[in-house]
Amino acid sequence: MATLRCTNHTLLGSPTCVARPRRRCPAVVRAAVAVQAEAGPKVSLIRIGTRGSPLALAQAHETREKLKAAHTELAEDGAVEIIIIKTTGDMILDKPLADIGGKGLFTKEIDDALLQGRIDIAVHSMKDVPTYLPEGTILPCNLPREDVRDAFICLNAKTLAELPAGSVVGSASLRRQSQILYKYPSLKVVNFRGNVQTRLRKLKEGDVHATLLALAGLKRLNMAETATSVLSIDEMLPAVAQGAIGIACRSNDDKMMEYLSSLNHEDTRLAVACEREFLSVLDGNCRTPIAAYAYRDNDGNCSFRGLLASPDGSIVYETSRSGTYSFDDMVAIGQDAGHELKAKAGPGFFDGLQ
């Protein structure tokens, strides 16, 4: 994991007089300098890179507001700039994610902009971030995690269990597809991509009977009332790092690291680390339905649940762990749980998902 930091920033726009000195009225000089200073370009101290979806922008704005609240020099207008970057996952919407490359579909172009110095920090939905980070970047900061549960949205049923046999549920997530089919094999699940607003529009137009969305995203968009009901963790185990925002920067950018360390929420960082270790051991990609959830229980310890499934929901492996809520123990929990399910599934299981 990395902590975000900022490279050298040059203060530009200070007017310098290079004309031959001549006598001028002091009041005129002061007025001229004031006009020049006012008109001079404002240079942002931090450039935030983000995708352009309404949810991604909401997360970038949340990051900007937290930075401004924590650092007075960033509170001035223009000090923190948001730069929209289109990713491969945003441009190709007519195919399942697994068919267009798997890992990094929503992060690669943003990572490139970070490494090229076009942005200073990158704001990601952590569930989109591959288990490896590009060399030269670090991800030291997680904002406080939102609700990890999934929302069920339907115009004529209150829960998945109420849907009639043959009903069509739209979801681009193999994790959701497999868990739905495991519990409700009479339902049909189809690929259903697009941002939150696009999927809700398609639902209203009758493309599908129901869909599932991350409750965290709906809350960040102030659209939580859209949910027909909220699925419990027992009904639908969430994606690895669901509800968590991660912020990356260049690994040699001490200033950005300093800014980002002030925003980091340690409980979230540790939970995300645990879940991502589980994913890393399983070498999860967009063809592998994997779910995991680590959290601090009522005793202050870490409780963990993990799941590995076949896309059609015919095979599901589950495991759970508990331990102290500390980085080393939680990384070990995630690794151990991943190795257990990998051994249970056997090599043939993964070969069939390629």
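The values are calculated or read from the model by the stated rules, or taken from the named source; none is laboratory data. Because the structure is a prediction, the values reported are computed rather than measured. Please note: Cβ atoms are built from the backbone with ideal geometry, for glycine as well, and neighbour counts cover all protein chains shown. The protein model used for the area step is the full one, side chains on, heavy atoms only, and it has no ligands, DNA or RNA in it. Shrake-Rupley method; radii C 1.70, N 1.55, O 1.52, S 1.80 Å.
Number of residues in the stretch 168-178 that are in contact with a strand residue (DSSP E or B) (Cβ under 7 Å, 6 or more places away or on another chain) and open to solvent by 10 Å² or more (accessible area, probe 1.4 Å): the value is 4. Please go through the stretch 69-90 and give me each residue that is open to solvent by less than 60 Å² (accessible area, probe 1.4 Å) and not β-branched (V, I, T), ordered by number. Selection gives A70, H71, L74, A75, G78, A79, G89, D90. Among the small types (G, A, S), over 23 Å from Q59 (Cβ atoms) and touching a residue at least 12 places away in the same chain (Cβ under 8 Å): is that true of S303 in this structure? Taking the combined requirement at face value, the residue satisfies it.
Please go through the stretch 231-242 and pick out each residue that is open to solvent by 10 Å² or more (accessible area, probe 1.4 Å), in contact with a helix residue (DSSP H, G or I) (Cβ under 8 Å, 6 or more places away or on another chain) and of a type outside the set (V, I, T).
Taking the stretch 231-242 and keeping what is open to solvent by 10 Å² or more (accessible area, probe 1.4 Å), we get 232-235, 239-240.
Within this subset, residues satisfying the condition of being in contact with a helix residue (DSSP H, G or I) (Cβ under 8 Å, 6 or more places away or on another chain) are 235, 239-240.
Answer for the stretch 231-242, where residues must be open to solvent by 10 Å² or more (accessible area, probe 1.4 Å), in contact with a helix residue (DSSP H, G or I) (Cβ under 8 Å, 6 or more places away or on another chain) and of a type outside the set (V, I, T): E235, A239.
Of the helices (runs of 4 or more DSSP H) lying entirely inside the stretch 244-354, the ones with 2 or more residues being open to solvent by 10 Å² or more (accessible area, probe 1.4 Å) and in contact with a strand residue (DSSP E or B) (Cβ under 7 Å, 6 or more places away or on another chain) are found at 254-261, 266-282, 327-345. One residue stands out among those in the stretch 108-124 that are open to solvent by less than 30 Å² (accessible area, probe 1.4 Å) and either in contact with a Pro (Cβ under 9 Å, 6 or more places away or on another chain) or at pLDDT below 95 (or both): the one that is nearest to L67 (Cα to Cα), which is L114.
Put simply, of L163, L200 the only residue that is open to solvent by 10 Å² or more (accessible area, probe 1.4 Å), closer than 22 Å to A309 by Cβ and either touching a Ser or Thr at 6+ places or on another chain (Cβ under 6 Å) or without any contact (Cβ under 8 Å) to a residue 60 or more places away in the chain (or both) is L163. Of the residues examined, A161 is one that is of a type in the set (G, A, S), in a helix (DSSP H, G or I), out of contact with any Cys (no Cβ under 9 Å at 6 or more places or on another chain) and farther than 30 Å from L45 by Cα. Taken together, the criteria place Y184 among residues that are at pLDDT 95 or above and open to solvent by 50 Å² or more (accessible area, probe 1.4 Å).
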